[in-house]
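Just so you know, all these numbers are worked out from the coordinates, no wet-lab data involved. Being a predicted model, the structure only gives us computed values, none of them experimental. Ideal geometry is used to build each Cβ from the backbone, glycine not excepted, and the neighbour counts take in all protein chains shown.
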């Protein structure tokens, strides 16, 4: 199981958690996503976010929400994905939020 980032309205910090749950558990009103390529089509970041604007304000996601074109409400999850032998895998986030913002959210 890979480590991912979870940004929740109930926690002011980005949480590093194991991805051992269904996405629907964190997004009861469904979710949308945005992808950010790393250097080719085989490795990329995906940001999942609440599809409803009416959720609770999320202070830990205020820096990433504008790049998704949404307000920072509800849950946000950031994953790193990689295609390995024709299959998509979630891999560990091996970057800091600061470096992620500087390198990929331009």
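General remarks:
- FRET E, pair residue 102, residue 21, Förster distance 30 Å, beta-carbon r, rounded to 0.05: 0.55
- For the chain, the relative contact order works out to 30 percent when only alpha carbon pairs closer than 8 Å and six or more residues apart are counted.
- Shown here is the pair-distance distribution of the chain: with all Cα-Cα distances grouped in 10 Å bins from zero up to the longest one, the shares run 15, 50, 31, 4, 0 percent.
- In this structure, residue 43 and residue 11 have a Cβ-Cβ separation that, at R0 = 25 Å, corresponds to a calculated FRET efficiency of about 0.35.
- Counting 0.36 nm for each residue step from residue 87 to residue 29 and taking away their Cα separation leaves a gain of 18.1 nm.
- Distance between the C-alpha centres of region 1-27 and region 76-106: 14 Å, rounded to the whole angstrom.
- Cβ-based exposure ranking for 83, 5, 63, in which fewest neighbours within 10 Å come first: 83, 63, 5
- Highest mean first, the peptides 16-26, 47-57 sorted by other C-beta atoms within 10 Å per residue fall in the order 47-57, 16-26.
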